[in-house]
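To keep things clear, I will list the structure first and then write my remarks on it.
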There are 2 protein chains.
Amino acid sequence: MREIVSVALGDRPAELAVCNVSLFDPFTGEWIATSFAVHRGIVAGLGEYEASHTIDLHGARVVPGLIDSHVHIESSLLCPQEFGRLVLPHGTTTVVADPHEIANVAGTAGLDWMLAQRRQTPLDIFYMAPSCVPATPLDLGGAVLTADDLARYVGTDGILGLAEMMNVPGVLSGDPGITKKLSLFSLIDGHAPLLSGKELNAYICAGIQSDHECTVAEEACEKLRKGMYLMVREGSTEKNIETLASVVDWRSAPRCSLATDDRHLDILAESGHIDDCIRKAVSAGIDLESALRMATLSAADRFALSDRGAVAPGRIADFCVLAPGDSFLVERTFKRGVEISALPYCPPEPITVPVACAPLKQPDLRIDGSGAARVIGLVEGQIITAALEIDVDGARIPDFERDILKCVVCDRYRASGSGVALVHGFGLQKGAIAQSISHDAHNIVCVGTSDTDIIAAVSSVAGCGGGIAAVCGEQSVLLPLNCGGLMSSEPCEEVTRRFSEMKKFASDFGGIDDPLMYLSFLALTVIPHLRVTERGLFDVSLFQDVPLFLS
Amino acid sequence: MREIVSVALGDRPAELAVCNVSLFDPFTGEWIATSFAVHRGIVAGLGEYEASHTIDLHGARVVPGLIDSHVHIESSLLCPQEFGRLVLPHGTTTVVADPHEIANVAGTAGLDWMLAQRRQTPLDIFYMAPSCVPATPLDLGGAVLTADDLARYVGTDGILGLAEMMNVPGVLSGDPGITKKLSLFSLIDGHAPLLSGKELNAYICAGIQSDHECTVAEEACEKLRKGMYLMVREGSTEKNIETLASVVDWRSAPRCSLATDDRHLDILAESGHIDDCIRKAVSAGIDLESALRMATLSAADRFALSDRGAVAPGRIADFCVLAPGDSFLVERTFKRGVEISALPYCPPEPITVPVACAPLKQPDLRIDGSGAARVIGLVEGQIITAALEIDVDGARIPDFERDILKCVVCDRYRASGSGVALVHGFGLQKGAIAQSISHDAHNIVCVGTSDTDIIAAVSSVAGCGGGIAAVCGEQSVLLPLNCGGLMSSEPCEEVTRRFSEMKKFASDFGGIDDPLMYLSFLALTVIPHLRVTERGLFDVSLFQDVPLFLS
């Protein structure tokens, strides 16, 4: 402490002086014409300072480092350090992540790996301990995290609290395991889409403090008024900024932050991260200063990170220099006072999770019988599915005319076998796509136009320890995700390139945009109505397995 | 937790339903037409609820319980529980207090007594551990609190952090004792009047987070911009709301709170407490909602008191019902869901600090010599004094014509004797007043027009274990302050009555308004220029004792 105080006093030179900036001050919402000094990664003071190194920014706008208040790093397909390498140039200097996906695959070993990985990037990654692994007893993946498992992480460096509590019924009914988990942590994030009225009151009384699932302005208003922190989300598919913009002003901005939740690497690379959210917020009518408040101090405050969120004395020197002009474009990012430019790729140690998948064979995919059948119906732009009833002949699938394809889920943890179902809506004209990203259990899920391609695609994914495969006859593209079948340890540029190649190849199969996204939710047994699991067809409303044919 | 969740769900009746209110919501700044339920002192939920007891408020305005973010309870002359009895009806439900005065008198025994006292009132009293006891090595009172002494209080229930760090030079020079004190606590309040620029940067880098000493708008702006929490103070004598009002808007309100610092019991009784500050804030041009934000959620947030600051699910049910009309008048106060009305007086156990005062005798007051003398000059409305030089004849004091009186300080801790000096500005025409409230050492200080009255007044104060005495010949009024000579354990109504009687009696002596206030700062060796101590005259600029006569 002594050293920074001496530097602040001007008694000894700072390491860095940043001069002539227009600095965004989130405490007052103003842009201040000033300079500032940085020493050992900390802001020593605002004003003119002598320094070993001086950068004159000639009046450029400088904003505090941006914060993502809720993100699943796994959704980027990148391991944490490559995620850092991708988002740092976009101005993100801190993220609060929920390692829920890898926890479903690898349990505490997954959490420990994520904790080790956070030390391999200049990006500050904090974690919330996953609260709901598995999501339901029926959505069992590679691990169960009990309250006792989570208790190990209380006070662990890098763990801030309990991640999104999705088990609303468990909270409201006082489930002992949930209650114990809630009692372990003081910071608790929520996940309560459309919860309102008395149930919302009860959910908050149970200790849950935030929500990132608001999709309606009235919902967001109610949650704010009842004291929840509102994380306004803009992910790859879940885009809420435009709808919620009317809720944010300077009165509510201290209680709001920005979050991406799930954002694929290609979107991160092309559109950006929290910088993109800020641009979208401004387009949606939120004033820039309120958006910046959300992305900096408000997010820091929500997580009691009093060492950041502003360029101010004693705080970590995380800041971004904006490009000239009115638009919000991050030109340079400084993390702890050091400019992030062309971070080198350092191969991470992947976390290997053995894939124990019974080899898929033609008979596993056979559908015996014909008549009225239950068919999973995709719903455009949604992760819910429709429960369709269509007359089919099991021997005549694929039915291209009526867009009915086979989908299959293979247990990748216990080799217990596979389940097959029918799906309408993918519109594939050829080939098959398979992946080990399949919320929340992350078994291998596949949709395809021929048994051969399905078997080949599943086999490719299983064979490389998890990943994404698109197969069409002799041709195939494989993106191995060598970290638990969810993330790649390859360089972000390489993964982005291969992921784009994969998408391009699969787009030749015809059908809907972004089939991978729909595929990743096909086995999620908590969202209505019909799903497919390793046991076969599952009716979410009945919450039980159901036969494919109605009679 | 289970019970409040059930009540929130509506599965079992609440203890109390408060219906038809216009509720101030500090999260959004809105007034919401709603009802709410309270159970076991906690807000179960907003909305309509069944309850054992229902109060229909017919649309009345309800605001969260008010919070004083920095107060010295001792300045009220009341012990904590009587302070609570006085301020609760004004809507105050939480105070963050610095027991600095009693600590100067009684050290850790004083802190322990204050901690015990907080359990005797429904008012939530939190303490910050006094950082500067004594204020300087030369202002030695009854105790020294070292970092080791304070370490005992880390984690103690009711202790939130370190109180106002007044020793700015000690902070900036890295004094080891100060540095150790700063390292003990994570919440640290500041006290840095007019500190700015690099020195302010350094003070903040040392870990100090707030300030309540701003007297100029520019000063407040700079402190806010640099990340300090701004406590806008309105005490008995230090009144800053009007000057600082321009700094507060909805952008800065989350970083600002209201504080009274030092407020006498008569002002509390007549004008009010934080309710009075809110009225003054509105008069000064701050919008009511920003003022309310400051007095509720912002203050709670500054001290990480996430269980209060709003009437919202899961939070403590502290709230006030306002009188009809536009003005801000608290009509009813509810603490933890229970209406505070006519709290009974329960005699507190006083803290007795023996007064070890050498009996004051006529020779002690003799001033031998004549010629040019150093005379303490009062400055109207200020606690600084002027260093006057006046030709005097020691045998001819009092000099009513030129308003020169004797003042004396008697060591009340070690019976080391007394010091006498001359003072200009009190204007007393007769009598003497003495008190054991004398910042920060709290020896007995007296000013008077005759040696006989001075001796009688000091003797009265010493004889009753500390207090305030006004003596004029045969007539006298004594207000014993049986708790360390600073506070009374009598009922607040009785103390108010006797204090007013005392002031009225002393006002007959002629002279300035509020002589007690000026008297209480006459021995404060940290404020320029001339002071009187138990050793005699003290020159603050030279920081040493000086003789009364110049030659």
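So is B:Ser246 open to solvent by 10 Å² or more (accessible area, probe 1.4 Å), of a type in the set (S, T, N, Q), out of contact with any Pro (no Cβ under 8 Å at 6 or more places or on another chain) and farther than 20 Å from B:Phe126 by Cβ or not?
yes
Could you list all residues from the range A:511-531 that are over 23 Å from the mean Cα position of the chain (by Cα) and either among the β-branched types (Val, Ile, Thr) or at pLDDT below 95 (or both)?
Residues satisfying the conditions are A:Gly511, A:His529.
Residues of the range B:449-487 being part of a helix (DSSP H, G or I) and open to solvent by 10 Å² or more (accessible area, probe 1.4 Å), which ones? Break it down stepwise before answering.
We begin by selecting, within the range B:449-487, every residue part of a helix (DSSP H, G or I); these are B:451-463.
B:Asp451, B:Thr452, B:Asp453, B:Ile455, B:Ala456, B:Ser459, B:Ser460, B:Ala462, B:Gly463 - these are the residues of the range B:449-487 that are part of a helix (DSSP H, G or I) and open to solvent by 10 Å² or more (accessible area, probe 1.4 Å).
Would the range B:470-480 turn up any residue that is touching a residue at least 24 places away in the same chain (Cβ under 8 Å), in contact with a helix residue (DSSP H, G or I) (Cβ under 7 Å, 6 or more places away or on another chain) and closer than 15 Å to B:Ile376 by Cα?
no
Residues being assigned to a strand (DSSP E or B), open to solvent by 10 Å² or more (accessible area, probe 1.4 Å) and not acidic (Asp, Glu): count how many of those fall in the range B:17-38.
7
Which one is nearest to A:Ile468 (Cα to Cα), of the residues in the range A:427-436 that are crowded, with 24+ Cβ neighbours inside 10 Å and not aliphatic (A, V, I, L, M)?
Going through the qualifying residues, I end up with A:Gln435.
Restricting attention to the range A:46-66, and to residues there that are in a strand (DSSP E or B) and in contact with a Gly (Cβ under 8 Å, 6 or more places away or on another chain), which single residue is nearest to the other protein chains (Cβ to nearest Cβ)?
Among those residues, the one meeting the criterion is A:Pro64.
Which condition number in (1) within 13 Å of chain B (Cβ to nearest Cβ); (2) polar (S, T, N, Q); (3) buried (at least 22 other Cβ atoms within 10 Å of the Cβ) is the one that A:Ser257 fails?
Status for A:Ser257: all satisfied but (1).
Within the range B:160-177, which residues are surrounded by fewer than 20 Cβ atoms within 10 Å (Cβ to Cβ) and part of a loop (DSSP other than H, G, I, E, B)?
Within the range B:160-177, B:Asn167, B:Gly174, B:Asp175 meet the criteria.
Which ranges mark the strands (runs of 3 or more DSSP E) fully within the range B:336-419 that have 2 or more residues being buried (at least 18 other Cβ atoms within 10 Å of the Cβ)?
B:370-378, B:385-393, B:404-410
Does the range A:350-370 contain at least one residue that is more than 30 Å from A:Leu422 (Cα to Cα) and among the aliphatic types (A, V, I, L, M)? Don't jump to the end; show me each part of the working.
Let us first name the residues in the range A:350-370 that are more than 30 Å from A:Leu422 (Cα to Cα), namely A:350-352.
Then keep just the ones that are among the aliphatic types (A, V, I, L, M); that gives A:351.
Yes.
From the set of residues in the range A:509-522 that are open to solvent by 10 Å² or more (accessible area, probe 1.4 Å) and in a loop (DSSP other than H, G, I, E, B), which is nearest to A:Ala386 (Cα to Cα)?
A:Phe521
Filter the range B:297-327 down to residues that are hydroxyl-bearing (Ser, Thr, Tyr), farther than 27 Å from B:Val7 by Cα and in a loop (DSSP other than H, G, I, E, B), then give me how many there are.
1
Do the conditions hold for A:Glu490, that is, is it out of contact with any Lys or Arg (no Cβ under 7 Å at 6 or more places or on another chain), outside any helix (DSSP H, G or I), at pLDDT 95 or above and among the acidic types (Asp, Glu)?
In short, yes.
Looking only at the range A:101-112, how many residues end up being touching a residue at least 60 places away in the same chain (Cβ under 8 Å) and surrounded by 24 or more Cβ atoms within 10 Å (Cβ to Cβ)?
6
Of the conditions (1) under 30 Å from A:Pro130 (Cβ atoms); (2) open to solvent by 20 Å² or more (accessible area, probe 1.4 Å), A:Tyr49 satisfies every one except a single condition; which number is it?
(1)
Go through (1) under 27 Å from the mean Cα position of the chain (by Cα); (2) assigned to a helix (DSSP H, G or I) and name the single condition A:Ser438 misses.
Every condition holds for A:Ser438 apart from (2).
State whether the residues of the range B:233-246 include one that is modelled with pLDDT of 95 or more, of a type in the set (Lys, Arg) and over 15 Å from the mean Cα position of the chain (by Cα).
Checking the range B:233-246: not a single residue is modelled with pLDDT of 95 or more, of a type in the set (Lys, Arg) and over 15 Å from the mean Cα position of the chain (by Cα).
Would you point out the residue of the range A:190-207, among those that are more than 9 Å from chain B (Cβ to nearest Cβ), within 13 Å of A:Glu164 (Cα to Cα) and part of a loop (DSSP other than H, G, I, E, B), that is nearest to the chain's Cα centre (by Cα)? Even if it seems obvious, please write down each step before you answer.
Step one: list which residues in the range A:190-207 are more than 9 Å from chain B (Cβ to nearest Cβ), which gives A:190-196.
Narrowing the set further to residues that are within 13 Å of A:Glu164 (Cα to Cα) leaves A:190-193.
Retained after the next criterion (residues that are part of a loop (DSSP other than H, G, I, E, B)): A:191-193.
On the way: A:His191: 13, A:Ala192: 16, A:Pro193: 16 Å.
Among them, the one singled out is A:His191.
Looking only at the range B:73-88, filter to residues that are among the polar types (S, T, N, Q) and touching a Lys or Arg at 6+ places or on another chain (Cβ under 8 Å); which one of those is most open to solvent (accessible area, probe 1.4 Å)? Reasoning before the result, please.
Kept after step one, since they are among the polar types (S, T, N, Q), are these residues of the range B:73-88: B:75-76, B:81.
Then keep just the ones that are touching a Lys or Arg at 6+ places or on another chain (Cβ under 8 Å); that gives B:75-76.
Values: B:Ser75: 16, B:Ser76: 1 Å².
That would be B:Ser75.
What number of residues in the range B:162-189 are within 12 Å of another protein chain (Cβ to nearest Cβ), touching a Phe, Trp or Tyr at 6+ places or on another chain (Cβ under 9 Å) and without any contact (Cβ under 8 Å) to a residue 40 or more places away in the chain?
Total meeting the criteria: 3.
Which residues, taken from the range B:244-265, are touching a helix residue (DSSP H, G or I) at 6+ places or on another chain (Cβ under 6 Å) and of a type in the set (Val, Ile, Thr)?
B:Val247, B:Val248
Does A:Ser298 count as modelled with pLDDT under 95 and of a type in the set (S, T, N, Q)?
no
Identify all residues within the range B:1-16 that are surrounded by fewer than 17 Cβ atoms within 10 Å (Cβ to Cβ) and within 8 Å of chain A (Cβ to nearest Cβ); write none if there are none.
Correct list: B:Met1, B:Arg2.
Taking A:Gly141 and the conditions (1) in contact with a Pro (Cβ under 8 Å, 6 or more places away or on another chain); (2) farther than 22 Å from A:Val526 by Cβ; (3) assigned to a loop (DSSP other than H, G, I, E, B), which numbered condition does it fall short on, given that it satisfies the others?
Going through the list (1) in contact with a Pro (Cβ under 8 Å, 6 or more places away or on another chain); (2) farther than 22 Å from A:Val526 by Cβ; (3) assigned to a loop (DSSP other than H, G, I, E, B), A:Gly141 breaks only (2).
So which residues in the range A:285-301 are within 12 Å of chain B (Cβ to nearest Cβ) and either closer than 18 Å to A:Val338 by Cβ or open to solvent by 10 Å² or more (accessible area, probe 1.4 Å) (or both)?
The answer is A:Asp287, A:Glu289, A:Asp301.
Regarding the range A:200-213, can at least one residue be identified that is open to solvent by less than 40 Å² (accessible area, probe 1.4 Å) and under 18 Å from A:Ile383 (Cα atoms)?
yes
So, of the residues in the range B:140-154 that are within 24 Å of B:Leu537 (Cβ to Cβ) and buried (at least 22 other Cβ atoms within 10 Å of the Cβ), which turns out to be modelled with the highest pLDDT?
My answer is B:Gly142.
Among (1) within 14 Å of another protein chain (Cβ to nearest Cβ); (2) within 25 Å of A:Arg302 (Cα to Cα), there is one condition A:Pro80 misses while meeting the rest; what is its number?
Evaluating A:Pro80 over (1) within 14 Å of another protein chain (Cβ to nearest Cβ); (2) within 25 Å of A:Arg302 (Cα to Cα) leaves (1) as the failure.
The values are calculated or read from the model by the stated rules, or taken from the named source; none is laboratory data. Bear in mind the structure is a predicted one, so any value in this text is a computation, not a measurement. We place every Cβ from the backbone using ideal geometry, glycine too, and count neighbours over all the protein chains shown. Just so you know, the surface numbers come from the protein's heavy atoms only, side chains and all, with ligands and any DNA or RNA stripped out. Shrake-Rupley method; radii C 1.70, N 1.55, O 1.52, S 1.80 Å.
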